[in-house]
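Undergrad: Sharing a structure, written as structure tokens. Questions coming.
The values are calculated or read from the model by the stated rules, or taken from the named source; none is laboratory data. Quick caveat: nothing in here was measured; it's all calculated off a predicted structure. Cβ sites come from the backbone with ideal geometry, for glycine too, and all protein chains shown count toward neighbours. The protein model used for the area step is the full one, side chains on, heavy atoms only, and it has no ligands, DNA or RNA in it. Shrake-Rupley method; radii C 1.70, N 1.55, O 1.52, S 1.80 Å.
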Amino acid sequence: QAKSRGRNGYQFYSRDMDGEGVERLRMEALLRRAIERQEIFLHYQPQVEIDSGRLIGVEALVRWHNPELGQVSPVRFIPMAEDTGFINQIGEWVLFEACRQMVRWDEAGLVVPKMAVNLSVRQVERGAMAPLVSRALAATNLAPRRLQLEVTESVIMNTGDALAFVHELHAIGVGLAIDDFGTGYSSLAYLKQLPVDVLKIDRSFIKDIAVDSDDEAIAIAIIQLGKSMHLSVIAEGVENEEQAAFLLRHGCTRAQGYLYGRPVAPGVLLEEWGNEKNERHEHAGRETGT
Ligand code: C2E
Ligand code: MG
Ligand code: MG
Ligand code: MG
């Protein structure tokens, strides 16, 4: 009897699903308390001008370290936070913390020109984002031009009132970058209407530069598109000199990636980039300082 039940594929299947479901519920419950328990924090990755190696900004990247689960990747918990709606609390915390950090660096003598903060679709579609941005800037006294929000093409295309949202941001004076550009389905005609400042070439097109001529062609096309639309273009995921040289040769002067630095704790960024110690290649160490 027991044996025949054991062979029943459906029972095995449903038991596995239960296990996964329980695990997910547990993680969701832990995530809900993550902010109050101070398990959520930010790391910052440098963005540089390729030829001079000068620091032009940083991107804030959220981190979650839970005593039971260990380090959980944002690729895993951000979608979960979006499903549960908890992304709004996380997103608000990230925005305020990123602005506060800019002020702390200013006070410590490191002026980071720009802070880039990622937004997810759930935050934008609520329609509460522009007032939140204004509050974060007012609370920290950060100049609007020093904040840049990153959204993917799918955020733009899936937000009913994206046009209004983007114009509100523009009116406040904060910048807008299209993240992972080239991987989504945004219409160029639509994009043209938006006051976008920056296109970020997705890492997937940078990865195989010098290996895959299709990827090279796409990277070049995005650089050209940015030029003709008067947008600034930055490449993400730049890991080696060959990629950097290729980008420079084709007119992309800005980059972000392990070649210039991993995402690091604020104190580490201060150590590495404070005191005008901006030589290149000294910043490609491992992600440290949790
Ligand atoms: P993203 O916004 O495209 O961020 C870039 C990701 O690429 C980061 O992963 C970064 O650590 C990684 N990266 C940077 N340079 C290199 C490189 O040279 N090589 C490789 N292999 N990877 C590189 P991370 O930190 O795991 O974040 C993953 C994604 O999670 C982000 O992609 C973003 O979509 C999301 N995310 C992170 N923080 C936030 C946040 O505060 N809010 C929201 N809504 N999403 C966030
Ligand atoms: Mg990003
Ligand atoms: Mg990106
Ligand atoms: Mg990406």
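Undergrad: Can you name the residue in region 196-219 that is in contact with a strand residue (DSSP E or B) (Cβ under 7 Å, 6 or more places away or on another chain) and outside any helix (DSSP H, G or I) and is also surrounded by the fewest Cβ atoms within 10 Å (Cβ to Cβ) among such residues? First the steps, then the outcome.
TA: So the first thing to find is which residues in region 196-219 are in contact with a strand residue (DSSP E or B) (Cβ under 7 Å, 6 or more places away or on another chain), and the list is 196-203, 206, 219.
Add one more test, that the residue is outside any helix (DSSP H, G or I), and what stays is 196-202.
Numbers: VAL196: 22, ASP197: 18, VAL198: 22, LEU199: 23, LYS200: 25, ILE201: 30, ASP202: 24.
Looking at residues that are in contact with a strand residue (DSSP E or B) (Cβ under 7 Å, 6 or more places away or on another chain) and outside any helix (DSSP H, G or I), I get ASP197.
Undergrad: What is the one condition in (1) touching a Ser or Thr at 6+ places or on another chain (Cβ under 7 Å); (2) within 16 Å of ligand 3 (Cβ to nearest atom); (3) acidic (Asp, Glu) that GLU125 does not satisfy?
TA: All conditions pass for GLU125, except number (2).
Undergrad: Determine the pairs where a residue that is among the hydroxyl-bearing types (Ser, Thr, Tyr), located within region 165-183, has a partner that is within 16 Å of ligand 2 (Cβ to nearest atom) and in a helix (DSSP H, G or I) with Cβ atoms under 8 Å apart, the partner being 6 or more residues away or on another chain.
TA: That search, which allows pairs on different chains as well, returns THR183/GLU153; THR183/SER204.
Undergrad: Let me ask something additional. Yes or no: VAL124 hydrophobic (A, V, I, L, M, F, W, C) and assigned to a helix (DSSP H, G or I)?
TA: Numbers: hydrophobic (A, V, I, L, M, F, W, C): yes; assigned to a helix (DSSP H, G or I): yes.
Here the answer is yes, as VAL124 does meet what is asked.
Undergrad: Exactly one condition in (1) in contact with a Gly (Cβ under 7 Å, 6 or more places away or on another chain); (2) closer than 28 Å to ALA189 by Cβ; (3) open to solvent by 10 Å² or more (accessible area, probe 1.4 Å); (4) not aromatic (Phe, Trp, Tyr) is false for GLY109; which is it?
TA: Every condition holds for GLY109 apart from (2).
Undergrad: Now for a separate question. Quick one: ALA177 ticks every box in (1) farther than 17 Å from LEU119 by Cα; (2) at pLDDT 90 or above; (3) not in a helix (DSSP H, G or I) except a single one, so which number is it?
TA: Failing condition for ALA177: (1).
Undergrad: Every residue in region 59-87 that is open to solvent by 30 Å² or more (accessible area, probe 1.4 Å) and either more than 16 Å from ligand 4 (Cβ to nearest atom) or more than 21 Å from GLY261 (Cβ to Cβ) (or both), please. Outline the logic, then answer.
TA: Of all residues in region 59-87, those open to solvent by 30 Å² or more (accessible area, probe 1.4 Å) come to 61, 65, 67-69, 71, 73-76, 78-79, 82-84.
If the condition is that a residue be open to solvent by 30 Å² or more (accessible area, probe 1.4 Å) and either more than 16 Å from ligand 4 (Cβ to nearest atom) or more than 21 Å from GLY261 (Cβ to Cβ) (or both), then HIS65, PRO67, GLU68, LEU69, GLN71, ARG76, ILE78, PRO79, GLU82, ASP83, THR84 are the ones that fit.
Undergrad: Quick one: which of THR159, THR140, THR152 is surrounded by 15 or more Cβ atoms within 10 Å (Cβ to Cβ), within 19 Å of VAL111 (Cβ to Cβ) and not charged (D, E, K, R)?
TA: Sole residue among the options that is surrounded by 15 or more Cβ atoms within 10 Å (Cβ to Cβ), within 19 Å of VAL111 (Cβ to Cβ) and not charged (D, E, K, R): THR140.
Undergrad: Something else now. For region 135-183: of the residues being among the hydroxyl-bearing types (Ser, Thr, Tyr) and away from ligand 3 (no atom under 16 Å from the Cβ), which is farthest from LEU194 (Cα to Cα)?
TA: Selected residue: THR140.
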